[in-house]
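This report concerns only the one structure given below.
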Amino acid sequence: MLEASVVGRRDSELWRRAITIVVFTIAIISFGVAAPSFFTIANIRAIELSSSVLLIASIGATFVILMGSIDLSIGAVASFCGMLVARLAPDLGLWSVPIACLVGLVFGAINGLVYVYLRIPSILVTLGTATTISGAVLFISDGRSLSVSHAAVIDMAQGALAIMVPNAVLVSAGIYGVAVLVGDRTRFGRMTLAIGSDEQVAALIGVKVNTIKIQAFALSGLLAGVAGVLLAARLGSATVTMGSYMTLDTITAVVVGGTAITGGLGNVRLTIIGVLFITILSDGMNILALPPYLQTIIQGTVILLAVLLNTNRASAEDVK
Amino acid sequence: MSNTWYEPQTTGSTAGVEAKVQIAQFYNRHRPIINAIGPLLLLMAMAAVFASINPRFLSWINLFNLMRQSSILLIVSTGITFVILMGALDLSVGAIVTLVAISSAVLIRDFDVGAAGIAVAAAGIGALCGLVNAALVLRLRLPSFVATLGTMTILGGVSTWISGGANVFFQSPNLTWIGSGSVIGRIPNSGVFALLIFVVASFVGARSHFGRALFAIGGGGLTARLSGIDVLRTKAAAFVVSGMLCGVAGLLLVARTSTGTSRMGDDLLLQAIAAVVMGGTALSGGSGGVHRTLTGVLVIAVLQNGLNIAGVHTYLQIMVTGLIVVLSVTITLDRSRLASIK
Amino acid sequence: MSGVPTPIYTMRNGSKRFNGICVVEGIDLDVFPNEIVGIAGENGAGKSTTLKMIAGIHTPNAGSMRLFGKSFTPTSYTEAVEAGISMVFQEQALIPSLAVYENIFLSLEANFANRIGIVDRRAMIAVSERHLKDLGLDYIDPCRRTGDYAFHDRQMIEIAKAFVLAEHCHIDHPIILLDEPTAAIGERQIKILFESIRRYRRRASFVLITHRLVEYVELCDRIYVFKDGRNVGEFAGEQISEQSLHRAMVGRARDDEYFMEKRQLKLEGAPIAVSVKGLSGHNVQNVSFELRKGEILGIGGLVGCGKEAVAKAVVGFEPFPPNGTIEVGGEALPLRGRGKAAMLRGMGFVPKERKTEGIVPYMSVQANMSLASLPLVSRLSGFISRSRERLLAEKYINRLRVRCKGPAQLCQFLSGGNQQKVVIAKWLARKVQVMVLDNPTRGVDVGAKQEIYGVLRDLAEEGVAVLLVTDDLPELIGMSNRILVMREGEIQFLCNAPADNKPTEQELVQHMV
Ligand SMILES: Nc1ncnc2c1ncn2[C@@H]1O[C@H](COP(=O)(O)OP(=O)(O)OP(=O)(O)O)[C@@H](O)[C@H]1O
Ligand SMILES: [Mg+2]
């Protein structure tokens, strides 16, 4: 009987995936039919660019969420790093990019250290640092937008090796590939799952829980930084709150990708589905020029439907 | 003994070990008191700092002002505590507050509904939103985080739709009196109202069967079910209570300004979660208590009010807020009942 | 063997404190090559704590350890494993959402990783598969989620894991620590496990903890007896017998009346309390039986024979067999809301998985005990009265001799046996009419077991109908008025077991397999 139930579960999992893909395709096609400008090269490029930025940030968020923690500082870190690039690019040129990413890493590491050593729930640590960092963005920009006035930096996102593939896409694809490998095939990937599933048992067996937690948060900060830099390069300018949408969108993407918000269940691979879902949906609705309130309502409904389709709720004994 | 590898602790200084043991025992015996005093000291320290920067901080006017400001957060936080206690989360609280505020404003402006009718409508809309959350979580088995993330977005859209994207002005002396007037001396009504709700809710959380069931569900859902607790009903009730209290908060919020603006309650979400966690209720559920939430609310309220009064530069104010949130949680959080910190 | 053999592992004066409270103190312990050492003692005596010190999970506050002649100070379990010590944890240390093979090698992935840290999955799976087969577990797929397996299968995975780790680290003579490995598994698996232990002992040593004294007699060469965190006795060879161990642990000889058969009631014509008719589905086929007031009805059978499902069905716990009816007090349970209805009609359920189904770990002892009977501890206003609640808790703490610091202590920090008593107290407090117990003495020490048996006899004398589902044959035979034996979901055999004419174990086993 065990056999049967497990096999049944696998089947239903396949079904769910299939349905997700079908729904997805239908949505794309109907957007294309309803708005002819949806399938133009310019629009596809726009989707590619904005989903690459979100994908990078979401990858970091996935590992944190797999551990059962949460990172609310992604948006603030992204804004800060984007602003930092805009600020430093005139003087340092391309060097501003690694510096900004490094700053992201440092922010993430601070999150992790505070979380682990002061023993404060991550939601609050990152809420606190998010507030502080968004204050710091105001500080370094004096509340104004800055344009990114360095061609090489802008080229990093907008330039293209191939016609249809902007550099930003190459960067995010590379990061995604590595992340999938890390998630599936390395110690780190497994440990994050173990911590999310049962932290006490993980500690008992000898998992270095604290180290892994700090690493995951540092990674999340780094990737948020990269995403922020790419965003600034893509937009050609940096605004004070340009990254703040990412905080919620990364979480949504991760969850729509089938990762349990309580941790221990899911993987990085599927996060890309969530990212594409969000980006294509909002792009399509924009092109159709739906009124903003309707867009929000549809977006909320679609989140619910997507999670309904894409997560294995039967296996969660007790839905929290 | 020749082969002792843990020498420092055994033979080293027994006095040191004894002292350590005694401290540990002392802490264990008086843990409740120590944990209660920590936050109090923090609040006093904050008040002292702000008062020394600007003596006006401790004036009656400002204290009543502080009470008025914190009343709404207190009501929302009280509501969300019930949900958090059972290990779930309600991300839609801010959106519900906004929705109720705006729809109340529209009801008064366009339909001329009276004060009593508005009160019922506000609580009703809130409760209804809570019921929708409950249905999504319990019927469709969506994790509460996701379900309420969805309703948060949807309700945000609905609010904009109702308001037509513009601010909704209205006039209602009765409502203004409820929100800003005072019956007992100069103590603001909204503050009295919020405290009343808080006290009742604390008692319900600590002593009622409903409260106990919430703790049991948060601490071990399967055990709760096998002990004959009606898990579904309890969970649904928690969401509805949370929604209803948000409705009340939304009404008070709009009563104060007589204007419904979009997103006016959205900030309350993170503040409420922060207040609950600061109070020492675990996000994983099963430990903490409604009565603890007051500490968190006070810390946040004092912080905002104090920084304003102290005239700190806005950018700096934002930066300091984040740091102090982290710092105060470090002090106030009772970690003894947390299995693991997520 | 010539001369005095040297121990491969020694602990001298091992002590451990939690929050300033001494849990074990002054423990001396040796393990010789190829030896099976037992540690016996009551619940909370400090057995698991001692093993956890050996395995590097707890750092001793004082004392010294030596392994293979060198000083040994592990700081984590991983370190101990790499030094040749592996452990079967009392409360399974498995991560449900990971695959079986991932669990087996958790935190040892480095051994399978290439230079850039990518692990060789195929090698891990192959090694796991080989060892699972060795333990007769070929039906377990190393790639499947661990959480998909039943409790007893997970216990076997936990055991397999310890064996794999011992083998894997290429230590000549590993030590395997077994903390109540047999508590959750059935007779057949126990047999396989014991065979493996005997086979492995040619190249390994074992330390064993169990609450079934027979197992010590069967396996151990030497036994330490712990009491209140101290080493109070050592038995070797001929001295080991159930009687001597019982006396050393409990302080008095084991009376013949262990199961109190004399108190077994004669039940001609007692009214029927529960009648189960034609229960089918979910691993159960056409099960019907009647349970009378004051009767203790035992259900036995191999693990996986469906007896747990029957217990859960009777208390209305989902997933519920789709066919059949259950009548309590002459009235059938409704289809919807069965669990609630069963509770309302006075049913109590002591489940098998104590940690997740029995207690709420982060609630106090008193809150756990009153969980099912809140109205009893409430005032007229409907609110809970702390003082009544404490009185209730104190009553049952005394009656069941629960070892705790007081009603306000968190259940989390009670030893396993005492947690079990809290679960039983929860239902006693409610004054149940029907009590369904699934392995109520799992992980409970001999003394406490007898207390629980006493409670069951009390219940029966008060007219409560008791349904006792158990893997423990002596308990099944000793306690029951009637015995049902199940096999592959069906009732295979039903016999009376009057106090003066109990069936033998062989008789029952023959119907199980
Ligand atoms: N982490 C801990 N913190 C505080 N007290 C603890 C902790 N672990 C164990 N104890 C206490 O130490 C004592 C010994 O526990 P231990 O688990 O070693 O008992 P045991 O002999 O294995 O009992 P059992 O047979 O029930 O498993 C118990 O009283 C328990 O309450
Ligand atoms: Mg033990």
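Scanning segment C:360-401 for residues that are touching a Leu at 6+ places or on another chain (Cβ under 9 Å), at the interface with another protein chain (Cβ under 7 Å from one of its Cβ atoms) and not in a loop (DSSP other than H, G, I, E, B) gives a single hit, C:I384.
If you go through segment B:93-139 and keep only what is among the charged types (D, E, K, R), in a helix (DSSP H, G or I) and without any contact (Cβ under 8 Å) to a residue 24 or more places away in the chain, you end up with just B:D110. Taken over segment A:192-218, the criterion of being away from chain C (no Cβ under 14 Å) and not basic (K, R) is satisfied by A:I214, A:A216, A:F217, A:A218.
Scanning segment C:171-193 finds one or more residues that are within 16 Å of ligand 2 (Cβ to nearest atom) and within 14 Å of another protein chain (Cβ to nearest Cβ). One residue alone among C:R399, C:R379 is more than 16 Å from ligand 2 (Cβ to nearest atom), within 23 Å of the chain's Cα centre (by Cα), open to solvent by 50 Å² or more (accessible area, probe 1.4 Å) and basic (K, R), and that residue is C:R399. In segment C:245-267, is there at least one residue being crowded, with 19+ Cβ neighbours inside 10 Å and over 26 Å from C:I185 (Cα atoms)? Yes; the residues of segment C:245-267 include at least one that is crowded, with 19+ Cβ neighbours inside 10 Å and over 26 Å from C:I185 (Cα atoms).
When the residues of segment C:48-76 are filtered to those that are open to solvent by 10 Å² or more (accessible area, probe 1.4 Å) and within 16 Å of ligand 2 (Cβ to nearest atom), the one that is nearest to the other protein chains (Cβ to nearest Cβ) is C:I57.
Looking at segment B:225-342, the helices (runs of 4 or more DSSP H) lying wholly inside it that each contain 2 or more residues that are more than 21 Å from B:L91 (Cβ to Cβ) and open to solvent by less than 30 Å² (accessible area, probe 1.4 Å) sit at B:231-257, B:293-310, B:314-332. Residues in segment C:1-32 that are open to solvent by 10 Å² or more (accessible area, probe 1.4 Å) and within 23 Å of C:S241 (Cα to Cα): C:D28, C:D30, C:F32. Does A:L161 fit the bill of being of a type in the set (A, V, I, L, M, F, W, C), surrounded by fewer than 20 Cβ atoms within 10 Å (Cβ to Cβ) and away from chain B (no Cβ under 14 Å)? Answer is yes for this residue.
Here is a yes/no grid of residues against (1) surrounded by fewer than 22 Cβ atoms within 10 Å (Cβ to Cβ); (2) within 7 Å of chain A (Cβ to nearest Cβ); (3) among the hydroxyl-bearing types (S, T, Y):
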site	(1), (2), (3)
B:A121	yes, no, no
B:I125	no, no, no
B:A134	no, no, no
B:L142	no, yes, no
B:G156	no, yes, no
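For segment C:77-121, the set of residues classified as among the β-branched types (V, I, T), without any contact (Cβ under 8 Å) to a residue 12 or more places away in the chain and open to solvent by 10 Å² or more (accessible area, probe 1.4 Å) consists of C:I116, C:I118, listed by residue number.
Only one entry of C:A425, C:A448 meets the criterion of being farther than 21 Å from C:A273 by Cα, within 13 Å of ligand 1 (Cβ to nearest atom) and aliphatic (A, V, I, L, M), and that entry is C:A448. Specify the residue that is farthest from the other protein chains (Cβ to nearest Cβ); the eligible residues are those in segment C:402-418 that are under 20 Å from the mean Cα position of the chain (by Cα) and aliphatic (A, V, I, L, M). The extreme case among them is C:V402. Look at (1) at the interface with chain B (Cβ under 8 Å from one of its Cβ atoms); (2) part of a helix (DSSP H, G or I); (3) farther than 30 Å from C:D179 by Cβ and you find that C:E357 fails only one, number (3). Residues in segment C:405-452 that are within 16 Å of ligand 2 (Cβ to nearest atom) and of a type in the set (G, A, S) were compared, and the one that is surrounded by the fewest Cβ atoms within 10 Å (Cβ to Cβ) is C:G447.
Let's see how each residue does on (1) closer than 24 Å to A:S52 by Cα; (2) part of a loop (DSSP other than H, G, I, E, B):
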residue	(1), (2)
A:V207	no, yes
A:S220	yes, no
A:V226	yes, no
A:L231	yes, no
A:G258	yes, yes
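Residues that are small (G, A, S) and either in contact with an Asp or Glu (Cβ under 7 Å, 6 or more places away or on another chain) or closer than 15 Å to B:I273 by Cα (or both) within segment B:87-121 comprise B:G87, B:A88, B:S92, B:G94, B:A95, listed in sequence order. Starting from segment C:2-22, keep only residues that are on the phi > 0 side of the Ramachandran plot, then list their pairs with residues that are within 14 Å of ligand 1 (Cβ to nearest atom) and modelled with pLDDT of 85 or more whose Cβ atoms are within a distance under 8 Å, requiring at least 6 positions of separation or different chains. Pairs found: C:N13/C:I27. Tallying residues that are open to solvent by less than 60 Å² (accessible area, probe 1.4 Å), assigned to a helix (DSSP H, G or I), touching a residue at least 12 places away in the same chain (Cβ under 8 Å) and hydrophobic (A, V, I, L, M, F, W, C) within segment B:38-92 yields 19.
Each residue in segment A:260-299 was checked for being farther than 30 Å from C:T146 by Cβ and assigned to a loop (DSSP other than H, G, I, E, B), and 4 pass.
All conditions in (1) at pLDDT below 90; (2) within 11 Å of another protein chain (Cβ to nearest Cβ); (3) open to solvent by 10 Å² or more (accessible area, probe 1.4 Å) hold for A:F188, with the sole exception of (1).
The values are calculated or read from the model by the stated rules, or taken from the named source; none is laboratory data. What you see is a predicted model, and the numbers here were worked out from it, not measured in a lab. With ideal geometry, Cβ positions are generated from the backbone for all residues, glycine too; neighbour counts draw on all protein chains shown. Heads up: the accessible areas ignore ligands, DNA and RNA and are worked out on the full protein's heavy atoms, side chains in. Shrake-Rupley method; radii C 1.70, N 1.55, O 1.52, S 1.80 Å.
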